[in-house]
Amino acid sequence: MLYLFDIGFLPVRIWDILDILIVGYLIYQIYKLLKGNIAFNIFVGVLTLYVIWWLVNQLDMDLLSAVLGQFVSVGVIIIIIIFQPEVRRFLLFLGNTTLRQRSNFVGRIIDRNLENTEEKARQIRAMRSALLRMSKKKTGALIVLAGNLSLDGLVSSGVAMESEISEPLLESIFNKESPLHDGAVLIANGKIKSASCILPVSENPNLPKSAGLRHRAAVGISERANVAAFVVSEETGYISYAVDGELRRKVSEDALQELLNQYF
C-alpha cells in the first residue's frame, strides 16, 4: 500500500486525496445546481434533520430518536421526490461530457468521410444572416442547435420538416404572420428537423426579470440537454444564447459567427 504521509496516527494514501477531491467536486456541482433555488433551503432543512437525528441518537433520547427515525428511514425517497428536477439535471450533467465527446468524435468522422465543409459553411452563413436580419427587424425567434442528439421526450409537439437550412426559410418560419412562428426551430444533423416546438421552461430564479418566455425556454432546454439555443428578442432585437443552463445576452455579430462555428 502506497502512503504519502501521516497525519497523527492516520496514514494518508493517494486514493484518500483522490476520494476527497471527487467528493468535493460532486458537492460543488450539487451546490451549483441548487444555489438560488428554493430547493436549496429544502436541502438545508433535510440535512439539519439528519444532524439532529444523529445527535439525539448519540444522547440516547429514544423517543425523539424513534420519531425522527421515521422521517430519516424514508429520507432518500423524499429527497428524490422533492428534488426530481435537480436530480435529473445532475444526471444529465454527468452524461453531458460523454455525449459531447461522442458527438465531437462522430462529427470528426463525418467531416472526414463527407466533403461537407462548404455545405457547413453555407448553413452557418444562412443561420447567421437570418438571426441578424430578424434582430434588425425585431422578429422574435428561437433556434435550437442539437448537433447529433435526439431530443425526444424533451421537445413536445412541433411540425416535422426535415428541410435544408436556408435564410429565407428561417425568416419565413418566424414571420409574425406564419402559423409556425410561436415556438422553437430544432436543427439537428444539418437539417431543420421541426418548427413550432414547445420547450421546457427554466425555473431558475436567477434569470433576469426581463427574460421572456423564449429566453427561459432556451435556458430550459440547455439545462436538460447538451444543446445551444439562440434567441432573438421581440422587444429589443438583441440576440442571446443559452448553453449548459447559462444565458448570455447581447451577442455581437463577430461573437455570433464564433458561436455558430462552435456549436453547429
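The values are calculated or read from the model by the stated rules, or taken from the named source; none is laboratory data. This one's a predicted model, so the numbers in the text were calculated from it and none came from an experiment. All Cβ positions, glycine included, derive from the backbone under ideal geometry; neighbour counts span all protein chains shown.
Numbers below:
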| item | result |
| --- | --- |
| The range 133-187 - residue that is at pLDDT 90 or above and among the basic types (K, R) and, of those, nearest to H215 (Cα to Cα) | K138 |
| Considering residues of the range 250-264 that are assigned to a helix (DSSP H, G or I) and of a type in the set (S, T, N, Q) only, the residue nearest to E234 (Cα to Cα) | Q257 |
| Options L21, L2, L47, L33; residue that is hydrophobic (A, V, I, L, M, F, W, C) and at pLDDT 80 or above | L21 |
| Candidates S150, S135, filtered to the one that is touching a strand residue (DSSP E or B) at 6+ places or on another chain (Cβ under 6 Å) and polar (S, T, N, Q) | S135 |
| Selection from the range 196-211 of residues that are polar (S, T, N, Q) and touching a Gly at 6+ places or on another chain (Cβ under 8 Å) | S196, S202, N204, N206 |
| Filter result for I192 (closer than 21 Å to I165 by Cα and either modelled with pLDDT of 90 or more or surrounded by 19 or more Cβ atoms within 10 Å (Cβ to Cβ) (or both)) | yes |
